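Written out below as structure tokens is the structure these notes cover.
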2 protein chains.
Amino acid sequence: MSVITIERKVLEKNDQVAAGNRRMFAERGIFVLNLVSSPGSGKTSILEKTFEDLRDAMKMAVIEGDVQTDLDAQRVSRYGVPVVQIVTLGGCHLEANLVRDALEKLDLTGVELLFIENVGNLVCPSGYDLGEAMKVVVLSTTEGDDKPLKYPAMIRNSSVLLINKIDLIPYVPCDLDTLRNNALKINPGLKIFEISCVTGEGISAWCDWLKKKETPAR
Amino acid sequence: MSVITIERKVLEKNDQVAAGNRRMFAERGIFVLNLVSSPGSGKTSILEKTFEDLRDAMKMAVIEGDVQTDLDAQRVSRYGVPVVQIVTLGGCHLEANLVRDALEKLDLTGVELLFIENVGNLVCPSGYDLGEAMKVVVLSTTEGDDKPLKYPAMIRNSSVLLINKIDLIPYVPCDLDTLRNNALKINPGLKIFEISCVTGEGISAWCDWLKKKETPAR
């Protein structure tokens with residue numbers, strides 16, 4: 001029982017810090033997305049494609065979260081986007097205080113859009129508010145069409161679903177209609193984009209939507 | 001600090017229960033593998049292929065671990081293999097006591113080989129001993145060749161790496177040599193099999209190795 005109590009306290013503390021982050025983002029007019037997915041679903045590739053498409057339209061920045069290495073920060077820094085890497089050293093999710101500390105190291109002057117790329121984990125990050133406008137969950141077609149049913153909390157707590165790697169549909173046992181319907185069964189309000197970072201399909205629709213900076217109804 | 005202490009106590013308690021499970025497996029002569037990976041890497045498909053190959057050679061059983069649904073248990077039960085589903089209701093990994101309780105519901109008569117399919121999560125299950133002979137980690141080619149560096153604990157704590165979905169190599173930005181080398185950099189003793197559940201490539205090598213029931217040196 002004591003563990004549950006402490007977990008609740010940890011979450012309460014996290015929510016307080018997240019609320020502070022959210023106030024700061026609102027004051028500065030920064031639209032913040034918390035990008036979540038399994039390892040290897042393509043979060044970093046999606047950021048790369050998004051930077052290519054949007055870099056002349058608005059200033060962006062990134063907080064990268066990884067269990068180990070700064071490989072992702074290296075990748076996105078090639079696009080001239082301000083980036084801070086958080087290495088969790090085994091930690092399975094980002095928390096609001098890690099984001100608050102990372103923000104101190106990030107030059108946010110003129111930044112309109114901030115991506116927080118969470119640790120690759122479809123379970124634990126779902127419960128942690130970082131102060132974002134919304135969570136954007138990525139599922140790739142190679143993971144199969146049953147994943148929304150098997151990992152419902154992340155789907156329920158996200159506002160947008162990016163179905164990535166649609167170029168691989170001919171080669172994998174994944175039915176797009178089933179995947180879409182399974183996701184909407186869990187969260188009927190989910191906004192869905194189907195994209196491929198290899199062919200570029202769907203990227204401009206996603207980026208056009210980003211420009212509007214609208215938070216879907218929850 | 002109190003949280004860390006409690007986490008340590010949770011792990012100590014888990015290790016005690018895992019030791020009990022391990023004794024029971026040894027007494028009954030059951031070879032137990034703890035199958036770990038990201039969501040959608042193909043753990044259940046690998047089990048299906050393994051059952052097809054080995055069902056005339058030895059009696060097998062499965063404990064399925066999922067955050068939600070019994071979809072995986074339904075899939076493997078088609079092969080006539082005894083199966084118990086653990087639904088963690090949000091929990092991000094299996095623990096030894098869940099496995100101990102599941103064992104009570106499983107008919108182990110004559111079973112030589114028991115698979116524990118863990119929750120799809122490349123981070124949290126790495127620290128939890130369930131009493132298995134070894135962890136078998138699955139990485140699929142679609143996840144990219146950098147994953148061993150980004151999720152080192154799971155690679156370090158596993159004895160076998162199954163590189164799955166090698167049929168998709170022509171279509172994905174994954175170099176098999178790089179993936180293999182990255183994994184061996186973290187864990188030089190890792191036994192590696194490259195497989196495809198679509199073409200069946202590599203499945204017989206994996207199953208031949210399973211028949212030997214040998215625990216690689218750690």
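The values are calculated or read from the model by the stated rules, or taken from the named source; none is laboratory data. Every value quoted in this text rests on a predicted model; they were computed, and no experiment measured them. Reconstructed Cβ throughout: ideal geometry from the backbone, glycine too, with neighbour counts over all protein chains shown.
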Across (1) of a type outside the set (Lys, Arg); (2) within 12 Å of chain B (Cβ to nearest Cβ); (3) out of contact with any helix residue (DSSP H, G or I) (no Cβ under 6 Å at 6 or more places or on another chain), A:Leu106 clears everything bar (2)
Residues in the range B:96-114: is at least one of a type outside the set (Val, Ile, Thr), in a strand (DSSP E or B) and closer than 20 Å to B:Asn14 by Cα? yes
Residue in the range B:46-67 that is in a helix (DSSP H, G or I) and under 20 Å from B:Leu122 (Cβ atoms) present: yes
For the range A:117-146, give me the residue count where each residue is closer than 30 Å to A:Lys9 by Cα, touching a residue at least 40 places away in the same chain (Cβ under 8 Å) and part of a helix (DSSP H, G or I). 3
Report every pair of residues separated by at least 6 positions or lying on different chains whose Cβ atoms are under 9 Å apart, first residue within the range A:163-192 and under 26 Å from B:Cys197 (Cα atoms), second aromatic (Phe, Trp, Tyr) and outside any helix (DSSP H, G or I). A:Ile163/A:Phe193
Hydrophobic (A, V, I, L, M, F, W, C), more than 10 Å from every other protein chain (Cβ to nearest Cβ), surrounded by fewer than 24 Cβ atoms within 10 Å (Cβ to Cβ) and more than 24 Å from B:Leu89 (Cβ to Cβ): does that describe A:Leu54? yes
Could you count how many residues in the range B:140-163 are touching a Gly at 6+ places or on another chain (Cβ under 8 Å) and within 10 Å of chain A (Cβ to nearest Cβ)? 8
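With respect to A:Gly29, determine if the residue is modelled with pLDDT of 95 or more and over 12 Å from the mean Cα position of the chain (by Cα). Step through it out loud before you land on a result.
On the way: modelled with pLDDT of 95 or more: yes; over 12 Å from the mean Cα position of the chain (by Cα): yes.
Spelling it out, A:Gly29 is indeed modelled with pLDDT of 95 or more and over 12 Å from the mean Cα position of the chain (by Cα).
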Residue count, the range A:88-97 (criterion: surrounded by fewer than 17 Cβ atoms within 10 Å (Cβ to Cβ), in contact with a Ser or Thr (Cβ under 9 Å, 6 or more places away or on another chain) and more than 9 Å from chain B (Cβ to nearest Cβ)): 0
Could you look through the range B:68-87, keep only residues that are within 14 Å of chain A (Cβ to nearest Cβ) and part of a loop (DSSP other than H, G, I, E, B), and pick out the one that is nearest to A:Ala153 (Cα to Cα)? B:Gln68
